[in-house]
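The structure appears right after this line, and notes come after that.
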Amino acid sequence: MASVTPMMQQYLDTKAEYKDCILFFRLGDFYEMFFDDARTASRELELTLTGKDCGLSERAPMCGVPYHAVDTYVEKLIERGYKVAICEQMEDPALAKGLVKRAVTRIITPGTVIEPAMLDEKANNFLLSICFVADRAGLAFADVSTGEFYVHEITQPETTLSDEVARISPMEIICNDQVKLRACLQREMQNASEQPSAWFQLANATEALCRHFALNDLSPLGLSDEYKAGASAAGALMRYLSETQKNALEHMTSLRIYQGSETMLLDRNTRRNLELTESIRGRSRKGSLLWLLDKTSTAMGGRLLRAWVERPLLSPVQIRRRLGAVEELVGDNVLRGELIRCLREIGDMQRLVSRAVYGSANGRDLHALALCCAQLPNLTALLKDVHSAALRDIAQMDTLADLCARIDRAICDEPPFSVREGGILRPGYSEEVDRLRNVRDHGAQTVAELEQRERERTGAKKLKVGYNKVFGYYIDIPNSAGVTELPDDYIRKQTLVSSERYFTRELKDLENTLLTARERIAELEYSLFNEVRQLVAGEVARVQAAADAVARLDALCSLAETAVKNHYVCPEVDLSRTLDIREGRHPVVEQAQKDNLFVPNDTFLNDADDRVAIVTGPNMAGKSTYMRQTALIVLMAQMGSFVPAKSAVIGVVDRVFTRIGASDDLAAGQSTFMVEMSEMANILRHATAQSLLILDEIGRGTSTYDGMAIARAVLEYCADPRRLGAKTMFATHYHELTALEQTLPGVRNYNI
């Protein structure tokens, strides 16, 4: 390789450090790729593969993309599972002596995307770190586009990790033991990678966290001794981010310990069967519970509402706190309408301030952030007389008036996309910028004024100020002018047949100003813009706190708006272990079938005489709809939403389980019957007497009597308070099972 050109040697040296990435190597206005990277990129991105002389006997395979369109191409590679390393020019090529210095400024992976075009604005883009320690697993997950950072620990990861990962829905996973991870997960391995074990060692992880948060130990973060696995996962995640993002990650200002005891854990099958965030058919947002409830006006509110749907609450106190806010908004149409109108003017503050921290925010981003901040006083003014505790808390938000004023004073109303070409700053912000702009925009007038002054000073009425590319600006005095004595500051520049040409220090300064004004404006504006951007980045904690308050308000308004439009009622939530739903309706089905009459139904379950409901009826009678609507009403109530019913008393359940539909997993070696049995075993292993079970057609896929025996055994186990005793809705075509009403306490028959 000694014979390659200096530029290609620079490329090869850089590529050697990032072997697992496709290297985008900046050359002028293009990012170029060479050798195997070029072959891969040309195939995946449909680019023309060319070649470049590099000093070797054969031309190096090469392809490239324009620098201004790089996000589009990177997005395609990330979607296909590749990592991309961005290698930038670290100095101006025009000023560089010899080879331009280059360095990798960022590695883009599925879990570290911050570019708006590559993100779903209403979904988090989580990177998940998993650290296995003995029989525990520490989980740390972060969204670098918003700065959110959470830590959690679980026991028995072999049985619970898959459900936790489904809840987090990470775009990328890093771990310390890929073999153990593969034993726990089956579906998420395509974006999982094993990182150096040293990153996950507690001492190294502690150092990484203490360095980032400027602490002496982890106690202020709440990571006590029982969170060793979680701390190890969190430290490894910070190390991975520092290696890939190449900056200090100041927008990750806090670490929250996710308490599993505060929210309901929903397993993968329950999420799928109840279509919480996507429909089963087509896997689209439309047709899901989230699609129905999401009337949010901001991206932040949309992400938070999604989290509420995926993590219903377990505390009646916290649930009633949310319901109180929704109830107040439902009862005041004027207040709700004015709040929604203001919220519609607020952009994604979380991701805007994160880009400021990254140094990738442009003038439009800062202007957008200022517009967001300008609405905050309006929100607090509207909330000044609210009564519910949750809304009163939001009303105390920081309105960021000082930050808004500083940005608004600096950034013009319509800044350009580029930050290096000027035109960003508002007139009046910088005297020097204004002077240079005046010179740039009125150069001819300035020269004419100088010419007039020199005519008066010298008495030469035919004196002219001219310009050419060879000599620059000059003062031309014809010989016929008859001037015998010139000012002392006149310096002879050129003698012509009919005139003499001079220059002065003032003219030389003006020449320098005129010729370099545009360039100096761009440089000065970029420098001043950086100061403003750094100021915004320094206020990241305040902006994030305000954004969190806005997100909560938006989510609450969304729930209230949905309740008003769909005629929902406020549920009573308590610890009674009773479900008493009068005239309940399936929230999604009734909206999808607006032209048809939806027949409401009652549901009554408790932990005594009405523990198990055996539901029979012909195909298409509505058994599944009826049972699913019960589960959805419970989940809606526990997330703090009004529910589709005439009235509802919801005794808090700790978990909801569903076993619905027939499906196989042949790739994993499981038939339809085996999938059903595995899912049923998982439910019976993790359900408690406080759980709600929705079971549909248990015992299919095998012979009639074997299936009936399995179904009866499951029913008996669920009904028996000495074994499980959980509230259960059990749909079946085995009508023989209805005889259990006579022999098993707590069993009731219902027919559709």
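The values are calculated or read from the model by the stated rules, or taken from the named source; none is laboratory data. These numbers were taken from a predicted model, which means no experiment stands behind them. FYI the Cβ positions are ideal-geometry reconstructions off the backbone, even for glycines, and counts take in every protein chain you see. Ligands, DNA and RNA are excluded from the accessible area calculation, which covers all protein heavy atoms including side chains. Shrake-Rupley method; radii C 1.70, N 1.55, O 1.52, S 1.80 Å.
Measure nothing but the geometry: give the 0 to 90° angle between the long axis through the Cα atoms of 202-213 and the longest principal axis through the Cα atoms of the chain, rounded to 10°.
The helix 202-213 is inclined about 50 degrees to the chain.
Lys/Arg Cβ at +1, Asp/Glu Cβ at -1, dipole of the chain taken about the Cα centre: which of Val615, Gly363, Gln245 is farthest positive-ward?
The Cα lying farthest towards the positive end belongs to Gly363.
Considering only protein heavy atoms and a 1.4 Å probe, what is the carbon-and-sulfur percentage of the accessible area of the chain?
49
With just the Cα atoms defining each centre, how far is the stretch 294-337 from the stretch 110-162? Give it in Å.
Cα centroid to Cα centroid, the span is 24 Å.
From the square roots a ≥ b ≥ c of the eigenvalues of the alpha-carbon gyration tensor of the stretch 691-731, which class results: rounded (a/c under 1.5), prolate (a/b over b/c), or oblate?
It comes out oblate by the Cα gyration axes.
I'd like to know which of Leu383, Gln742, Leu605 lies farthest towards the positive end of the charge dipole of the chain, counting +1 on Cβ of Lys and Arg and -1 on Cβ of Asp and Glu.
The listed residue farthest towards the positive side: Leu383.
Using a probe radius of 1.4 Å on heavy atoms only, what accessible surface per residue do you get for the chain? Whole Å² is fine.
45
Once you place label points 7 Å from the Cα toward the Cβ at Thr48 and Thr446, how far apart are they in nm?
Taking the simple label geometry, Thr48 and Thr446 are separated by 4.4 nm.
Run the dipole for the chain about the Cα centre, Lys and Arg Cβ at +1, Asp and Glu Cβ at -1, nothing else charged, and hand back the magnitude in debye, nearest 20.
680
How would you order 57-64, 691-698, 486-493 from highest to lowest mean count of nearby Cβ atoms within 10 Å?
By packing density, highest mean first, the sequence is 691-698, 57-64, 486-493.
Cα axis of helix 672-686 to longest principal axis of the chain: angle in degrees, 0 to 90, nearest 10?
90
Once you charge only the Cβ atoms, +1 for Lys and Arg and -1 for Asp and Glu, what is the size of the charge dipole of the stretch 88-222 about its Cα centre, to the nearest 20 debye?
The dipole magnitude comes to about 340 debye.
In whole angstrom, note down how far apart the Cα centers of the stretch 18-86 and the stretch 565-634 are.
55
Say the dipole of the chain comes from +1 at the beta carbon of Lys and Arg and -1 at that of Asp and Glu; which of Ile683, Asn124, Gly699 then lies farthest toward its positive end?
The residue sitting farthest along the positive end of the dipole is Asn124.
Sequence gap at least 6, Cα distance under 8 Å: using those rules, report the relative contact order of the chain to the nearest whole percent.
For the chain, the relative contact order is 10 percent.
Run through the stretch 354-448 and list the chymotrypsin sites (Phe, Trp or Tyr not before Pro) located in a DSSP loop whose Cβ has at most 14 other Cβ atoms within 10 Å.
Qualifying residues, ordered by number: Phe417.
Tell me the mean residue ellipticity at 222 nm calculated for the chain from its helices only (DSSP H runs of n ≥ 4, each -39500 (n - 2.57), averaged over every residue, nearest 500).
Value at 222 nm, helices only: -14000 deg cm²/dmol.
Give the peptides 212-221, 307-316, 567-576 in descending order of average Cβ contacts within 10 Å, highest first.
So the peptides 212-221, 307-316, 567-576, ranked by packing, come out 307-316, 567-576, 212-221.
Hey, got the dipole for the stretch 678-744? About the Cα centre, +1 on K and R Cβ, -1 on D and E Cβ, debye to the nearest 20?
The dipole of the stretch 678-744 has a size of about 260 debye.
What is the sum of charges, Lys and Arg at +1 and Asp and Glu at -1, for the other residues whose Cβ falls under 14 Å from the Cβ of Asp554?
Taking every Cβ under 14 Å from that of Asp554, the sum is +2.
Calculate how steeply helix 228-245 sits against the longest principal axis of the alpha-carbon atoms of the chain, using the helix alpha-carbon long axis, and give the answer as 0 to 90 degrees to the nearest 10.
Helix 228-245 sits roughly 30 degrees off the main axis of the chain.
Can you pull out the GluC sites (Glu not before Pro) in the stretch 392-446 whose DSSP state is coil and whose Cβ has at most 13 other Cβ atoms within 10 Å?
Those satisfying the criteria are Glu421.
Which loop GluC sites (Glu not before Pro) in the stretch 480-547, with loop taken from DSSP, have no more than 13 other Cβ atoms within 10 angstrom of their Cβ?
Passing sites in the stretch 480-547 are Glu485.
Given a cut-off of under 8 Å on Cα pairs at least six residues apart, what relative contact order in percent is computed for the stretch 354-467?
The value is 22 percent.
Using alpha carbon centroids, what distance separates the stretch 435-508 and the stretch 689-745, in Å?
103
Suppose R0 equals 30 Å; then what is the FRET efficiency for Tyr67 and Asn191 from their Cβ-Cβ distance, rounded to the nearest 0.05?
Result of the calculation: an efficiency of 0.65.
What ranking, highest mean first, results for peptides 403-416, 121-134 when packing means the other Cβ atoms within 10 Å averaged over each residue?
Taking the mean over residues of other Cβ atoms within 10 Å, the ranking is 121-134, 403-416.
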